[in-house]
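*Asks:* My questions will all concern the structure given below.
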Amino acid sequence: MTKNNMQKLAVEHEKIKKRSLKRRFALSIALFVIFLCVVLGLTMVSEAFLRWHYSDILSTATGITYFNNQSLPKFVAEQNSFKLRGKPFDIAKNNRIMRIVVLGDSLAYGQGVWPYEKRFPEQALKIFQKRYPNLDVEIINTGIAGQDLIQHNRYIAGFILALKPDFVLYQWFINDMNTTYDDLSVFIAPPLIPNVKWHKTLIEKSVLYFLLQRTWGQIRTQLGLQRNVNEYLTGKFSDPKSKHSLAANEQLNKLLNRLKQENIPHGIVLFPSFDTKMSAYQLGFLHKQVLDVCKEHDLGCLDLRQAYSKYDNQIKDLWANIFDHHPSALAHRVAAEEIVDFYGDEWAKMAALKASDRK
């Protein structure tokens, strides 16, 4: 074979090699596109299935998600002229009716419960009216999701007093004590997608991403990479003399003293967390701190732990849903019954006194 022929063969071989590389590259691209289409297709199918499967979910316990956004129109449609969820009412007081105002957070707001009539204030009014049909009483629910003791105090000064209530019922929950939020990262998982904008978009638009983020947080907790809420609150408040406990008690005393100063009868109903059975409840020390303050003020306060302990074997029945352990409609009804049992006679006497004053 001549040198010239060898060169031709080499050139031809190189061309064949390049064509082979191009074919392999094209095949790789095609396989990648097919793989990407399959993944996207499975993701879309999974997303559609998950949206259908969880179509009855109205809320999640952690921030704004797809479920919260989907149910928002339902809740907004129930707002009155004061942008509060519930029946319309006039700020001007009707002196013929005893007015009870409920002050609270997402529990009083009724997160995860629809329609609003299933919440404990509305259910308590129905129970009271059934027991005392001849007495005129109204209950105004001013619950706002996310409120804590600091915000409750501002709300009293800015709105509650303007309603001229005859009685204020303060709905307390464990996170009311947390008046500082500088260390929430210890029990919140970092985003799966570091880009904040993308993470926010996906958590608000995708059920699948929400579930992945939720599972990621659970795995981190199991591995000890982050604390759960109970551990977080125990670390801050288990010592009643800690700066956090003292700050919370200061705010609670401020609230009670303001109501006392305004000569407004009042009470507190304490809701436990439903993350565990009441028999295994770890946050009783928070309830004790509040109940100790109640004793100091000679105030009748209702702790619902005992009432809910009857549901230890059906604890999930007390959840709004599997993603949100806020009270379910059943839990609201139990609270309503206990509240009327505890405060009903006092309210009836006050309502009867108002009735006698009108004569």
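Quick note: the coordinates plus some simple rules give every number you see, no bench work behind them. What you see is a predicted model, and the numbers here were worked out from it, not measured in a lab. Note that each Cβ is placed from the backbone with ideal geometry, even for glycine, and that neighbours are counted across all protein chains shown.
*Asks:* Based on Cβ point charges of +1 for Lys and Arg and -1 for Asp and Glu, what charge dipole magnitude is obtained for the stretch 225-310 about its Cα centre, in debye rounded to the nearest 20?
*Replies:* The dipole of the stretch 225-310 has a size of about 120 debye.
*Asks:* Oh, and also: Treating only the Cβ of Lys, Arg, Asp and Glu as charged (+1, +1, -1, -1), what charge dipole size does the stretch 104-258 show about its Cα centre? Round to the nearest 20 debye.
*Replies:* 240
*Asks:* Using the basic label-point model (7 angstrom from Cα toward the beta carbon), what is the Lys243 to Ile188 distance in nanometres?
*Replies:* 2.1
*Asks:* When the dipole is taken about the Cα centre of the chain, and only Lys, Arg (+1) and Asp, Glu (-1) are charged at their Cβ, what size is it in debye, to the nearest 20?
*Replies:* I would put it at about 2060 debye.
*Asks:* Next question, about the same structure. Please give me, ordered by residue number, the trypsin sites (Lys or Arg not before Pro) of the stretch 254-298 that lie in loop per DSSP and have at most 15 other Cβ atoms within 10 Å.
*Replies:* Sites meeting the loop and neighbour criteria: Lys277.
*Asks:* List the residues whose amide H sits under 5 Å from the amide H of Val102, counting only those 5 or more places along or on another chain, with H placed 1.01 Å from N in the peptide plane.
*Replies:* Sorted by chain and number, the residues that satisfy this are Ile140, Asn141, Thr142, Leu169.
*Asks:* At a 4.7 angstrom Cβ threshold, list every cysteine in the chain that has nobody to pair with, or say none.
*Replies:* Isolated Cys, the chain: Cys37.
*Asks:* Let me ask something else about it. Using only Cα atoms, locate the centre of the stretch 197-261 and the centre of the stretch 286-359, then give the distance between them in Å, rounded to an integer.
*Replies:* Using only Cα atoms, the two centres lie 23 Å from each other.
*Asks:* List the pairs from Lys243/Lys316; Lys243/Lys310; Lys260/Lys288 whose alpha-carbon separation is above 25 Å, in the order I gave them.
*Replies:* As for pairs spanning more than 25 Å Cα to Cα, those are Lys243/Lys316; Lys243/Lys310.
*Asks:* To continue, here is another question. Can you give me the long-range amide H partners of Trp319? Hydrogens built in the peptide plane at 1.01 Å from N, cutoff under 5 Å, separation of 5 or more residues or another chain.
*Replies:* Result for Trp319 returns Ser328.
*Asks:* What list of ³J(HN,Hα) couplings, whole Hz, do you get for the stretch 60-67 from phi and the Karplus terms 6.51, -1.76, 1.60, once you set θ to phi - 60° and write x for glycine and proline?
*Replies:* Karplus-based 3J(HN,Hα) across the stretch 60-67 equals 10, 6, 10, x, 8, 10, 3, 5 Hz.
*Asks:* FRET efficiency for Asp136 and Gln79, Cβ-Cβ distance as r, R0 = 22 Å, nearest 0.05?
*Replies:* The pair Asp136/Gln79 has a calculated efficiency of 0.30.
*Asks:* So how far apart, in nm, are the two label points at Ile97 and Glu296 if each is 7 Å from Cα heading toward Cβ?
*Replies:* 3.7
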